[in-house]
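**Q** One structure coming up, written as structure tokens, with questions to follow.
The values are calculated or read from the model by the stated rules, or taken from the named source; none is laboratory data. On a predicted model such as this, the values are computed, not experimentally measured, just so you know. Please note: Cβ atoms are built from the backbone with ideal geometry, for glycine as well, and neighbour counts cover all protein chains shown.
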């Protein structure tokens with residue numbers, strides 16, 4: 001009976017260790033951290049037990065730290081991507097504004113074909129710049145200029 005109790009205790013301890021190992025390998029950083037804390041607490045208790053027993057055996061206290069959470073690297077890459085996109089957007093906005101101004105100058109001179117081309121080029125740089133759609137539509141409007149027929153040839157959205 002004593003032998004069975006000892007075996008049951010060992011099995012319980014093994015299950016506990018197995019669970020700790022699984023938790024330390026978890027994808028969830030919170031679960032990992034809790035497992036590390038539990039493990040460090042267990043190691044400290046083992047050391048205290050040894051001191052009480054006046055055992056000369058030393059305990060190898062390896063500090064257990066989970067691998068750096070991949071979430072940090074992921075968030076860093078998302079932030080970098082967002083900054084790069086914002087930079088490209090600012091550059092494209094400057095180009096689209098310049099193309100809009102060129103289109104406006106061409107329109108004033110009566111060079112409607114160039115005006116439509118510049119507005120279209122501006123939209124290729126910045127697809128959500130509404131004023132370019134409006135200006136291009138006005139230049140392409142039948143009766144406003146001789147290039148009104150272009151309306152049917154231009155895509156509504158790029």
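The rows are residues; the columns are (1) at pLDDT below 75; (2) closer than 30 Å to residue 129 by Cβ.
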{"position": "22", "(1), (2)": "no, no"}
{"position": "26", "(1), (2)": "no, no"}
{"position": "48", "(1), (2)": "yes, no"}
{"position": "61", "(1), (2)": "yes, no"}
{"position": "68", "(1), (2)": "yes, no"}
{"position": "72", "(1), (2)": "no, no"}
{"position": "77", "(1), (2)": "no, yes"}
{"position": "89", "(1), (2)": "no, yes"}
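**Q** Restricting the search to region 20-30, which residues are part of a helix (DSSP H, G or I) and either in contact with a strand residue (DSSP E or B) (Cβ under 9 Å, 6 or more places away or on another chain) or closer than 13 Å to residue 71 by Cβ (or both)? It would help to see each step written out before you state the result.
**A** Initially, region 20-30 is screened for residues part of a helix (DSSP H, G or I), giving 20-24, 29-30.
Scanning region 20-30 gives 29, 30.
**Q** Hey, can you tell me all the residues within region 118-131 that are part of a helix (DSSP H, G or I) and touching a residue at least 12 places away in the same chain (Cβ under 8 Å)? Lay out the reasoning, then the answer.
**A** Within region 118-131, the subset part of a helix (DSSP H, G or I) is 118-125, 130-131.
Answer for region 118-131, where residues must be part of a helix (DSSP H, G or I) and touching a residue at least 12 places away in the same chain (Cβ under 8 Å): 118, 119, 120, 121, 122, 123, 124, 125, 131.
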